[in-house]
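One structure below.
All of the numbers you see were taken from the coordinates with simple rules; none came from a lab. These numbers were taken from a predicted model, which means no experiment stands behind them. Cβ coordinates were reconstructed from backbone atoms using ideal geometry, including for glycine residues, and neighbour counts include every protein chain displayed.
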Amino acid sequence: MTVRIQTSAFDPGAETNAFLAESAGAGAAVTFTGLVRSRPDDPVETLTLESYPELAVNQIEAMIAEATARFGLLRATVIHRYGALPAGDPIVQVMTLAPHRQAAFEAAEFLMDYLKTDAPFWKKEATPEGERWVEAKHEDDAAKDRWRNND
Amino acid sequence: MKILYFAMFRERLNRSEEEVDPPAEVKTVSDLIGWLRSRDEAAELAFEKPSLVRAAIDAKVVKPDALIANAQTVALFPPMTGG
C-alpha cells in the first residue's frame, strides 16, 4: 500500500498511469479523484485543508489494511493534499487494484467514505462572503456506517 | 505532556500547541478537556460541547475515557472532514 500526505500538487493522470504500470495482470483498477468544488451559486475561491499528517498516515494505513482484507485488493494507493488549494485542484486520489471490478469499485468507495470521517483533515472555504469551516456531515457518517451494517 | 490543537480549536485558542502538566486527578482525555476548560476562558468556550471534541494520543485516535498517564502528545480536534 502507498499513502502520501502532501502539500504539493499531483497530476492525476500521471499517478493513474504509474499505478497501472504495476498492475501485474490484475483485472480491474479503479481511480477516484476528488476536486475542490466551486459552483456558480456557491462559489469557493480557495479551500484550505489543515492536517495532522502523522495521524493521517496511521488512519489511512489502517483503512487500506481493512479494505485489502475485506475486498481482496492486490494494491491500493491514497494521495491526500493539505494546504491552500484553488477551485478545481485535485485534493485526493484513491486507486485500487483487484482481480475483478466489483471489488475494485467497492474498495474505492469504502476508502472514500472512511476518508471523509476518519482522516484528520479540516477544510476551510474562502468565499466572496468570507471564510467558513466545513462542518462534518451526517450523510458522511451514514455513508461510512453502511459498511458496518453488512457485518 | 504536549497538547496539539487543530482547526477551529487552534483558532479559538490562538495557539497550535502547548506544554501542560496537569494534576494527578486528571486521568482521562475527558478529564483533561475539563481541566483545560477550567484554566482559561478561551478554552472554556472552545470546548463547550464535549461531544464535538475528538482526540488522539501519540497519533492514535482514542475515546474520551482513554487514560492519558503515559501520553507524550494529546491532540484535540473537531470532527474530521477529509476526502
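Here are a few things to note about the model shown:
- Residue-by-residue Karplus 3J(HN,Hα) for the range A:12-24, coefficients 6.51, -1.76, 1.60, Hz, glycine and proline x: x, x, 5, 5, 4, 4, 5, 5, 5, 5, 10, 7, 6
- Overall form of the range A:1-68 per C-alpha gyration tensor (a/c, 1.5; a/b vs b/c): oblate
- Remark: mean inter-chain Cβ contacts per residue of A:16-25 equal 0, using a 10 Å Cβ-Cβ cutoff to other protein chain atoms.
- Taken one residue at a time, the phi angles of the range A:28-34 give Karplus couplings (6.51, -1.76, 1.60, θ = phi - 60°) of 8, 10, 10, 10, 10, 10, x Hz. Gly and Pro are set to x.
- For A:Ala119, the residues whose amide H sits under 5 Å from its own are B:Gly82, ignoring neighbours fewer than 5 places away on the same chain, with H placed 1.01 Å from N.
- Protection-proxy order for peptides B:58-66, A:19-27, each taking the mean of Cβ atoms within 10 Å per residue, highest first: B:58-66, A:19-27
- Restricting the calculation to Cα atoms, the protein assembly as shown yields a radius of gyration followed by a Dmax of 19.1, 60 Å.
- The H on the amide N of B:Lys60, modeled in the peptide plane, is under 5 Å from the matching H of no residue at least 5 residues off or on a different chain.
- Cα gyration tensor shape of chain B, rounded if a/c is under 1.5, else prolate or oblate by comparing a/b with b/c: rounded
- Taking θ as phi - 60° and the Karplus parameters 6.51, -1.76 and 1.60, the scalar couplings of the range A:106-122 work out to 5, 5, 5, 5, 4, 5, 5, 4, 6, 4, 4, 10, 10, 9, x, 10, 9 Hz in sequence order, x denoting glycine and proline.
- For A:48-59, mean number of other protein chain Cβ atoms within 10 Å: 5
- Highest-first arrangement of A:57-63, A:40-46, where packing means the average Cβ count within 10 Å: A:57-63, A:40-46
- Cα centroid separation - the range B:56-83 against the range B:11-35, whole Å: 12 Å
- Amide H partners (placed H, <5 Å) of B:Glu17, local residues excluded: B:Tyr5
- Quarter of Cα convex hull surface for the range A:52-151, i.e. mean projection, nm²: 7.3 nm²
- Based on C-alpha pairs under 8 angstrom that are at least 6 apart in sequence, chain B has a relative contact order of 38 percent.
- Electrostatic bookkeeping for B:Val62 treats Lys and Arg as +1 and Asp and Glu as -1; over the other residues with beta carbon under 14 Å from its beta carbon, the sum is 0.
- The range B:44-83: Rg to Rh, with Rh as the Kirkwood radius over Cα pairs: 0.98
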